[in-house]
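Report on the following structure.
Read-outs throughout are calculated quantities, based only on the coordinates presented, and are distinct from any laboratory measurement. This one's a predicted model, so the numbers in the text were calculated from it and none came from an experiment. For neighbour counting, all protein chains shown are included, and Cβ atoms are generated from backbone atoms with ideal geometry for every residue, glycine included.
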Amino acid sequence: MIFRAVEDADLIQRAAKGNVEAYNLLVSRWEKRVYNYLLRITGNREDALDLTQDVFLKAYQNLRKLTDRARFGAWLFRIAHNEAYSMFRRRRPEADVEELEPRGAETGITVGGSSVFPMELSLTVAGALGRLSADQREAVVLKIYQGFKFEEMAEILDCPVSTVKSRLYAALDLLKAELAPLETRGV
Amino acid sequence: MTCSPFDLRDFLLRELTAAEQRQVEDHVEVCAACRQDLDRLRLTRTALSSLADEEIPQRIAFVSDPVFELSPWRRALAALWSSGSRLVFAGAAMLSVALVVSPILRPKPVSPAPVLTISDAEIRQRVEAGVSRAVTDIESQYRARTEQLVKDIEQRDRQERRLLQASYEDDLDRANRKAQNSLRDGYGDSQ
């Protein structure tokens, strides 16, 4: 008997033909990442869970439209991004796009209970992330926490790579000033 | 602002080529300012990693229900629409059918109605006839109206004459009665 790791592409192909078990396996591989991404941009566990379910349902319904299976991750996060912004828009239909996401003070970003870092540091980081603009925070989440390439981030956010890079680097400068100030270097 | 040959943030995120990475490594060994900046970036990244991912509170799973499954026919239709090449083929097939069927179903051209030929003299004659007919109509209308007006005036004149005559007769009658009374009164006095 030969054991072989089943690739996402195989699961996508089978799921696209209506194999629900293959799709469930695919979901189990991605649900935690999608949930944490949505949690960090919505700041609410209940919203993040509801949106995650919607994302995977929508992905299943549109799986046949996915031409490049190697880009499943970016495609899935693009759906997640759109779902989150649709929710923001439903709740605040009169607001501009920049104002759609919750303000920093409302962003109760989770602090990991099992983290090896002190709770104070996690709270400081959560606060610093919360003070970024919505676009900057999302760029940090996609790059630092989700590890996407700039091209994938551009696909997810539907904007040029230069814009994505500019947002991320501006965010990194702000976070550096707050989390690693000059006077505390070497800590 | 640093003097590093490449952006230290690109270096931190491993966005540089191997050769570029090495150049930055060599540079930060000799440049204290860039080394300090890179240390701060690394510290920032380490601090960010203190936020651990959460477990999803509820696992997501889908169940297969035949009610929601697409029928083979609809699945084939969906597959056709979702495939670019198949769609192009279907479009080409429809175009071919249209090209074959179109000449058969196209309505035959209808020949235009014959143009009537008519001479200038005839046109002039018809116009003159029409004009004289219109003039006759108008003249007869005026004549009838004039006759009616004359009749009305004559009738009104007769009425006025009758009224004047009646009034004159009344006046005359009244004067006669007055004269008779005067004569009778004068005769009495003379007696």
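If a/c stays under 1.5 just call it rounded; otherwise compare a/b with b/c (prolate if a/b is bigger, oblate if not). Do that for the range B:124-185, with a ≥ b ≥ c from the square roots of the Cα gyration tensor eigenvalues. Verdict is prolate for the range B:124-185. Bridgeable aspartates and glutamates around A:Lys165 (alpha carbons under 17 Å apart, same-chain partners fewer than 8 residues away excluded): A:Asp135, A:Glu138, A:Glu151, A:Glu152, A:Glu155, A:Asp173, B:Asp7, B:Asp10, B:Glu15. Counting beta carbons within 10 Å around each of A:Glu155, B:Glu55, B:Glu15 and listing the fewest first gives the order B:Glu55, B:Glu15, A:Glu155. Note on B:Glu20 and B:Arg42: the model spin-label points, each 7 Å out from Cα along the C-beta direction, lie 2.0 nm apart. This ranking places B:Ser49, B:Ser64, B:Ser4 by how few other beta-carbon atoms lie within 10 Å of each, fewest first, which gives B:Ser64, B:Ser49, B:Ser4. Shape analysis of the range B:8-48 places it in the oblate category; the axes a ≥ b ≥ c from the Cα gyration tensor give an a/c of at least 1.5, with a/b not above b/c. In this model, which of A:Lys32/A:Lys143; A:Lys143/A:Lys176; A:Lys17/A:Lys58; A:Lys65/A:Lys143 are farther than 24 Å apart at the alpha-carbon? Cα-Cα > 24 Å for A:Lys65/A:Lys143; rest within.
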